[in-house]
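These notes are about the structure you will find just below.
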Amino acid sequence: MLRPEINELLTETGPGTPMGELFRHYWLPALLAEELPEDDGAPVRVKILSERLIAFRDTSGRYGLMDEFCAHRGVSLWFARNEENGLRCPYHGWKYDVTGQCLEVPSEPEASNFCANVKLKSYPLVKVGDILWTYLGDPESQPPLPEYEFVHVPESQTYTSKRWQESNWLQALEGGIDSSHVSFLHSGQLNTDPLFKGSRGNDYNKGDLKPYFEVTDTPGGLFIGARRNAEEGHYYWRITPWVMPSFTMVPPRADHPVHGHIWVPIDDENCWVYTFDYHPVRPLSDDERSAMRAGHGVHSENIPGTYRPMANKDNDYLMDREAQKRNEHYSGVKGIAIQDASLQESMGPIVDRTKERLVATDTGIIKARQKLRKAVIALTDDGVVPPGVDPEHHRVRSVSVVLPHDVAFMEATAEDASVRPGVAQTTV
Amino acid sequence: MARPILHNSCARATTAAESRFRIDVPIAPCRAARVIGLDDDSVQVVADAAHEPWRTARFYACDDTAEAADLPDPDDLRLRDLDRGGMRLGDELEGVDVTVMVASNDDGAAAASHIGLACSLRGITTAGLVLGSGSSVAGALASLRPYARVLLVPAEPDDLVHLLTALRA
């Protein structure tokens, strides 16, 4: 349960809002690199933290991200011509470079310096891994680029997709740090999905529906350990890292690639879900890539040419009651990503947390909200840089492991939960 | 034959306008919460939290930590209600649905085991907040771990208030 004002504090991320200011201290995914595949290609509309922007790649291969609308009459530059190192508005020919600087105003005299005083708001756009990242905050406070492992392994070892989720970012994130729903909602997929099946952990997951949790504070966020019974005298641990504000990793299964998410607010009622899979020490196989593209694992099958899932709220997520009865899909919805999205969107655009009835096992969610709120207050009152900005905080891994009963998971897995280049993930 | 999809019904059911028409009745508080400090420092944290306006929560200190290890029946563990004086653990767990134990060192490890066991036998969910980390709380953690459905390590003092608030205690 949250008071209404705290719910608003945590869910509103537009310009000038406290949480919006917090988000503006981080590098955030703005779009996939595949969306700007070539120089002078089509510009792409981007909405992030409620700001409407246009992204493009100019003749020289430079990336730009700036105000979507022409300074002249407010036309969307999505209609612009991308030519000769700039975007030219088709209405009256005003032209801008990747920094938003106006280069030409054709109606002005040739010797005029009018355009020198016209500049659209712009932000940096940098390719790291398969993602184009942006930083929407004060340039003076711009942090170093992200160092998440999935964007730094060789290209052959990583794959990233994205999907539009029609809900506030926070209820989507909270699903990512809630390990107990896996034994129910995703139970139908654990032994059949090509990116999940074959793990001994699946049996532990399905054999113990009442996990115990340990929530551990870290400099960048939390580690949430979910403990289930394994063989005599042993527990099966699934350890989920959360790095503020919205990065999580799913504990691995067997030698399958490791996956995770970054949730990025589009506005207060929509978010992008960036979903990655990578393997720390080997290339992804053709079969694994095909499965990811087809929407298996934690990815989604999207409407071609868009990032909207094929199964979405306009078609009731292609609910299949017969598959529900057969326990093929526990909820009747196919695919892990859409199983999550369907339930999180069903809560409403911004879930009313004054009406929820949490239980003790929701402590991970309770603690995450508390850390977010404290970080917002510390930033607002004292200018304290929030957790997760420091790239050192990005060097985490999820872990799945079987440990004796008397072993504390954080002490036993301290190395496993850190990035170790050239060393495989710790997995069951 | 595939059943027809009721087109768009979810979309209609999840708009902001729709949410105004949802059933809006008071939500019952959790039935009863018991909060127990297991050592001197944690009792202070529990006492501070007790000043908030709770609905059903009661707050205790466990003073007999030295004798706890020798108790044959965990229900006989003595607690001190911060408002009402001495109590027997077994009597205070009637009708309870969650017990939160708070530890800052190993002094209350044996008591934690007794409380955990007593709650476990009654089907009461148990949570543990450990105000510290490393070897100074290893014993408390080891005692809490078999019973506590959730452990927060290391916890901050205000985590207790936030947890109880979220639980509607």
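The values are calculated or read from the model by the stated rules, or taken from the named source; none is laboratory data. Source: prediction; values computed, not measured. FYI the Cβ positions are ideal-geometry reconstructions off the backbone, even for glycines, and counts take in every protein chain you see. These accessible areas exclude ligands, DNA and RNA; they are computed on the full protein's heavy atoms, side chains included. Shrake-Rupley method; radii C 1.70, N 1.55, O 1.52, S 1.80 Å.
Specify which of the listed residues (A:Ser141, A:Ser156, A:Ser180) is at pLDDT below 95, open to solvent by 20 Å² or more (accessible area, probe 1.4 Å) and among the small types (Gly, Ala, Ser).
Going through A:Ser141, A:Ser156, A:Ser180 in turn, just one is at pLDDT below 95, open to solvent by 20 Å² or more (accessible area, probe 1.4 Å) and among the small types (Gly, Ala, Ser): A:Ser180.
In the set A:Leu209, A:Leu195, which member is in contact (Cβ under 8 Å) with a residue 60 or more places away in the chain and assigned to a loop (DSSP other than H, G, I, E, B)?
A:Leu195
Of the residues in the range A:367-423, how many are part of a helix (DSSP H, G or I), open to solvent by 40 Å² or more (accessible area, probe 1.4 Å) and charged (D, E, K, R)?
6
Exactly one of (1) β-branched (Val, Ile, Thr); (2) within 30 Å of B:Ala28 (Cα to Cα); (3) open to solvent by 10 Å² or more (accessible area, probe 1.4 Å); (4) more than 10 Å from chain A (Cβ to nearest Cβ) is unmet by B:Thr65. Its number?
If we test B:Thr65 against (1) β-branched (Val, Ile, Thr); (2) within 30 Å of B:Ala28 (Cα to Cα); (3) open to solvent by 10 Å² or more (accessible area, probe 1.4 Å); (4) more than 10 Å from chain A (Cβ to nearest Cβ), just (2) comes out false.
Does the range B:43-53 include one or more residues that are open to solvent by 10 Å² or more (accessible area, probe 1.4 Å) and within 14 Å of another protein chain (Cβ to nearest Cβ)?
Yes, the range B:43-53 contains at least one residue that is open to solvent by 10 Å² or more (accessible area, probe 1.4 Å) and within 14 Å of another protein chain (Cβ to nearest Cβ).
In contact (Cβ under 8 Å) with a residue 60 or more places away in the chain and closer than 29 Å to A:Leu195 by Cβ: does that describe A:Leu173?
Details: in contact (Cβ under 8 Å) with a residue 60 or more places away in the chain: yes; closer than 29 Å to A:Leu195 by Cβ: yes.
It is true that A:Leu173 is in contact (Cβ under 8 Å) with a residue 60 or more places away in the chain and closer than 29 Å to A:Leu195 by Cβ.
Could you grab me the full set of residues in the range A:319-364 that are open to solvent by less than 20 Å² (accessible area, probe 1.4 Å) and assigned to a helix (DSSP H, G or I)?
Within the range A:319-364, A:Ala323, A:Ile336, A:Ala337, A:Ile338, A:Gln339, A:Ala341, A:Ser342, A:Gln344, A:Glu345, A:Ala360, A:Thr363, A:Gly364 qualify.
So, restricting to strands (runs of 3 or more DSSP E) that lie completely within the range A:213-285, which ones have at least 3 residues that are within 13 Å of chain B (Cβ to nearest Cβ), farther than 15 Å from A:Thr158 by Cβ and open to solvent by less than 10 Å² (accessible area, probe 1.4 Å)?
A:221-229
For A:Gly348, indicate whether it is more than 8 Å from chain B (Cβ to nearest Cβ), at positive phi and within 25 Å of the chain's Cα centre (by Cα).
no
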